[in-house]
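Here's the structure we're looking at; comments come further down.
Values quoted throughout were computed directly from the atomic coordinates according to the rules given, and no laboratory measurement underlies them. Being a predicted model, the structure only gives us computed values, none of them experimental. Here the Cβ is made from the backbone with ideal geometry for all residues, glycine too, and neighbour counts use every protein chain on show.
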């Protein structure tokens, strides 16, 4: 037969019989008072356990929220990568150099002359995929920009210069080839 903790402590001599009796009567009085008055006796251990449980739940919520944000960022990155891979246009290694800035550094991408003009006119855009730069159309660039604006490196506004040609005093002058940016 198993003995209760109180009986075990009495048997081993760690607690006297009078002390065990007083603890038992004190416990009984608390229970009676609770029933009689509807007053709940403060149980510090119970409060500490509840407080620890509430803190644990709060930490778990924060961790779950952080994981969810990381997962959303991964999904956006995957979507951007897919859009770029499906819509990228081939560059011309023997073409003209198109210079642009990325993080205050001048980068160079070799494209055909028509592509270069379309990028300057705002009909094409340059986006960053990992460490590489790709040329995509305006629709793809808008989709990428809505997901992550930092991925779109060069996206010029469509040129309204055609309307202002009559007002341009330098329209008759050609730009020298060595000044092409």
(request) With an 8 Å cut-off on Cα pairs and a minimum separation of 6 or more residues, tell me the relative contact order of the range 40-161 in percent. (result) 21 percent
(message) So, R0 is 30 Å and r is the distance between the beta-carbons of residue 170 and residue 104; what FRET efficiency does that work out to, to 0.05?
(response) 0.55
(message) Helix 17-37 against the longest principal axis of the chain: what's the angle in degrees, Cα atoms only, rounded to the nearest 10?
(response) 60 degrees
(message) Using Cα springs under 10 Å in a Gaussian network model of the chain, which residue among 106, 154, 23 shows the largest mean-square fluctuation?
(response) 23
(request) Calculate, for residue 35 and residue 2, the FRET efficiency according to 1/(1 + (r/R0)^6) with r their C-beta to C-beta distance and R0 25 Å; round to the nearest 0.05. (result) 0.30
(message) For a protection proxy built on the mean count of beta-carbon atoms within 10 angstrom, sort 134-145, 61-72, 113-124, 78-89 highest first, please.
(response) 134-145, 113-124, 78-89, 61-72
(request) With a point put 7 Å past each Cα toward its Cβ, work out how far residue 28 is from residue 129 in nm, to one decimal. (result) 8.2 nm
(request) Give the angle, between 0 and 90 degrees and rounded to the nearest 10, that separates the Cα long axis of helix 138-147 from the longest principal axis of the Cα atoms of the chain. (result) 20 degrees
(request) Starting from the alpha-carbon convex hull of the chain, give the projected area averaged over all orientations, in nm². (result) 25.6 nm²
